[in-house]
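The values are calculated or read from the model by the stated rules, or taken from the named source; none is laboratory data. Worth saying up front: this structure is predicted, and the values here are computed from it rather than measured. A quick note on method: Cβ atoms are made from the backbone with ideal geometry, for glycine too, and the neighbour counts reach across all protein chains shown. When the accessible area is computed, the model is the full protein with side chains, heavy atoms only, and any ligands, DNA or RNA have been set aside. Shrake-Rupley method; radii C 1.70, N 1.55, O 1.52, S 1.80 Å.
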Amino acid sequence: MLELNSDVADIAEVRRWARSALPELHEDDLMDVQLVVTELVSNVYDHGRFPARLELAGTGRPDGVTVMVEDASPTLPKLRPSSPDSVRGRGLVLVDQLSEKWGVTPRTTGKAVWAVVPCTESA
């Protein structure tokens, strides 16, 4: 588990943490997981509230890796269509495309946004 603080996120550091937490993943699968991590963590900094944390579960075989980001905001994310002209707003579209499934679980305080990234390659 990685606790996220309210300072500006060092997304490169978050991606390095994900890499170190999943050393057995094939590089292609790891890149997909890291992209989902990047998008979900960025959403916490853009729309969420602290405290917040990131968890990864699974080894990548056979069920994939579950990425879960919890934060204290009760506002649920919404998948919205993006257009070629939009500068932002593609994060959940990417998560939706890279994940086998994703969703939101309301918590007593806040929510957990999770995604299951399929991992098909062996290291």
Quick one: angle between helix 27-47 and the longest Cα principal axis of the chain, in degrees between 0 and 90, rounded to 10, please. 10 degrees
Sorted from largest to smallest, which semi-axis lengths in Å does the alpha carbon gyration tensor of the chain give for its equivalent ellipsoid, taking the root of 5 times each eigenvalue? 22, 17, 14
Excluding ligands, DNA and RNA, the carbon-plus-sulfur percentage of the accessible area of the chain with a 1.4 Å probe reads 52 percent
For the chain, what's the relative contact order in percent, using C-alpha pairs closer than 8 Å and at least 6 residues apart? 29 percent
Pick out, in residue order, every one of the GluC sites (Glu not before Pro) in segment 1-77 that is DSSP loop and has at most 15 other C-beta atoms within 10 Å; say none if there are none. Glu24
With a probe of 1.4 Å, find how much accessible area the chain has per residue, and write the answer as a whole number in Å². 58 Å²
Net dipole in debye of the chain [+1 Lys, Arg Cβ; -1 Asp, Glu Cβ; about Cα centre; nearest 20]: 480 debye
18 Å cut-off, amide nitrogen to a point 7 angstrom out along Val104 Cα→Cβ, residues in segment 21-35: none
Count the net charge of all other residues whose Cβ sits under 11 Å from the Cβ of Met1, scoring Lys and Arg as +1 and Asp and Glu as -1. -2
Using amide H atoms built in the peptide plane, which far-off residues or other-chain residues are under 5 Å from Ala112 H to H? Thr105, Arg107
